[in-house]
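Following: one structure in structure tokens, then a few remarks.
The values are calculated or read from the model by the stated rules, or taken from the named source; none is laboratory data. Quick caveat: nothing in here was measured; it's all calculated off a predicted structure. When we count neighbours, we look across all protein chains shown, and the Cβ atoms used for this are built from the backbone with ideal geometry, even at glycine.
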Amino acid sequence: MTSFRAALALRVALGVFALLVASGVVSVIALRTILYRQLDGTLVHLAEVEAQAGAATSGSEFKFHEGVLLAAREGPSVELIRYAQLWNQDGRPVVRSSNLSSDLVLPPSALVAAAAGRVATFSQSWRGRPLRSVVYPMQLVGAAHQVHLLQVAAPTEPLRQTLIRFSVLVMLLTVLGTIWAYALGRKLAAVALRPTGEITAQAESISAGTLSERITAHADAEEFTRLVTVLNLMLDRLDGAFQIQRQFTDDASHELRAPLTVLKGELDVTLKRERSTEEYRETLVRCREEVKRLSRLASDLLVLARSDSAVPLEHVADVDIRGLIHRVVSRFDSAAATRGVHLAIHAEQVTLPGDERMLEQVVSNLVDNAVRYCRSGGEVRIELADEGGAVLTVRDDGPGISPEHVPRLFVRFFRGDPARQRSDGTGLGLAIAKAGAEAHGGHLEFVGNGPGAIFRLCLPLEGPAARSTARVT
Ligand SMILES: Nc1ncnc2c1ncn2[C@@H]1O[C@H](COP(=O)(O)OP(=O)(O)OP(=O)(O)O)[C@@H](O)[C@H]1O
Ligand SMILES: [Mg+2]
């Protein structure tokens, strides 16, 4: 794993290093140029002074001011050494300063420049010693010596030494600057990362028991608002899912316990004393009702558990939806007749792939509700249309669904009428129907009241292949 701090510090250090190297190189070049210009200026000045002083003398009588200007005395420091030589216009030596044991070099270019009345400057080597030279045409100071050229030279060793010392200093500063930049980069990275550390610590401290807490650290900082918002939204979703799960577990255990309590009560009371055969029979009938209720609840929970785990449907085959509707509705004939409810079917032919048993349960739950909540003597209308998929509409003549119940209609264990909570249904019918529709890539929705409730089930022709990852709530 790479360290962000180290990587950032390294980048800062590399940037500063490149900057220091570039500015160092520019500084050394600039200093070299300045030093050479200064030396050239000094040499030209010396040549001018010597030329003016010797303007009156002729040829070989020319005398240099050796002690003063040329510092040619015994053992002068190298910075002060100057060499001087007088040449005639053909480039032949006339006089040279006493510190010269042999002639300096006079390049032809200097002769040409001097002939044109220009001062020439150039670098040369004399007896292995690097020199900077100025050739000054004496015609510039007086006609008497216009045929002579005055050359003044100085060793460049001191200049070179200065440049080396400056370069070493620049390198040292570059190294120190780079180290400082690395340390600064690490420090800056640590400062920049501190908020994420605090956000992480807060996120870590939120556990299953404290899912209602939210991250507050740096929530106002422009750079971290998005991160904190995204994390808090994720916590919202987790909290919501967790609440639903907990509610489901609570409701499921409560629903399972109720029939078991009734069963135990029935058995305890019956066993308290001797009973007649008829009494035992009545108890057993009541117990059977509770066992039926328990077994229905268990199978409903199993269906929902399966739909939660999103396992693919096992028994998929072409299903004749119209036939399926007729089959399901016929099972409600006697219940409807008991309540004087008329069942009307208007179905087009639609065939699509699906799990027949699951689709039967979906339709059955819708028709069951419609028959159960329809007013006595009313009508339950079941319509099936082929609209590029199966569209099944179930409407009844009941009281409809009050608006405050609509948002929770498909929530597991939701039952709208508290008065009927105990005796009727478990509140899982619509949740199961919705899960079944989604398992087939379709959806189930509450359309509205007209005035009785209207539900619409849509199933795509592609069948379960179009199944989404949607989960029931
Ligand atoms: N056609 C309808 N008319 C009026 N209310 C309805 C209708 N269908 C459902 N409801 C309301 O929605 C609630 C949830 O329905 P759902 O089918 O999930 O559960 P249930 O019918 O109470 O029990 P179960 O279907 O598990 O036996 C019902 O309790 C009822 O209040
Ligand atoms: Mg129901």
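Given the criterion closer than 21 Å to G429 by Cα and either away from ligand 2 (no atom under 16 Å from the Cβ) or assigned to a loop (DSSP other than H, G, I, E, B) (or both), identify the matching residue among S299, S334. Among S299, S334, only S334 is closer than 21 Å to G429 by Cα and either away from ligand 2 (no atom under 16 Å from the Cβ) or assigned to a loop (DSSP other than H, G, I, E, B) (or both).
Looking across region 145-174, the residues that are in contact with a Leu (Cβ under 9 Å, 6 or more places away or on another chain) and either part of a loop (DSSP other than H, G, I, E, B) or free of Cβ contacts under 8 Å to residues at least 12 places away in the same chain (or both) come down to Q146, T156. For region 250-296, the set of residues classified as polar (S, T, N, Q) and either within 28 Å of L428 (Cα to Cα) or surrounded by 14 or more Cβ atoms within 10 Å (Cβ to Cβ) (or both) consists of S253, T261, T270, T283, S295, listed by residue number. The set of residues from region 337-386 being of a type in the set (D, E, K, R), outside any helix (DSSP H, G or I) and in contact with a strand residue (DSSP E or B) (Cβ under 7 Å, 6 or more places away or on another chain) comprises E348, D355, E379, R381, E383. Restricting F4, F17 to those that are more than 17 Å from G177 (Cα to Cα), in contact (Cβ under 8 Å) with a residue 12 or more places away in the chain and within 51 Å of the chain's Cα centre (by Cα) reduces the list to F4.
Tell me which residues, restricted to region 200-224, are among the β-branched types (V, I, T) and under 30 Å from G15 (Cα atoms).
Those that are among the β-branched types (V, I, T) and under 30 Å from G15 (Cα atoms): none in region 200-224.
How about region 339-360: which of its residues are closer than 18 Å to A435 by Cβ and basic (K, R)? Selection gives R357 alone. Selection of region 303-350 for residues being over 20 Å from A370 (Cβ atoms), without any contact (Cβ under 8 Å) to a residue 12 or more places away in the chain and among the β-branched types (V, I, T) yields only V311. Is it true that G389 is away from ligand 1 (no atom under 13 Å from the Cβ), surrounded by 17 or more Cβ atoms within 10 Å (Cβ to Cβ) and among the small types (G, A, S)? Spelling it out, G389 is indeed away from ligand 1 (no atom under 13 Å from the Cβ), surrounded by 17 or more Cβ atoms within 10 Å (Cβ to Cβ) and among the small types (G, A, S). Here R467, R471, R412 are screened, and the one residue that is of a type in the set (K, R), crowded, with 17+ Cβ neighbours inside 10 Å, modelled with pLDDT under 95 and away from ligand 2 (no atom under 15 Å from the Cβ) is R467. Looking only at region 367-407, how many residues end up being out of contact with any Asp or Glu (no Cβ under 9 Å at 6 or more places or on another chain), within 16 Å of ligand 2 (Cβ to nearest atom) and under 26 Å from L461 (Cβ atoms)? Of the residues in that region, 2 qualify. When R331, R408, R372 are screened for being in contact with a Phe, Trp or Tyr (Cβ under 6 Å, 6 or more places away or on another chain), within 16 Å of ligand 1 (Cβ to nearest atom) and closer than 24 Å to S307 by Cβ, only R408 passes.
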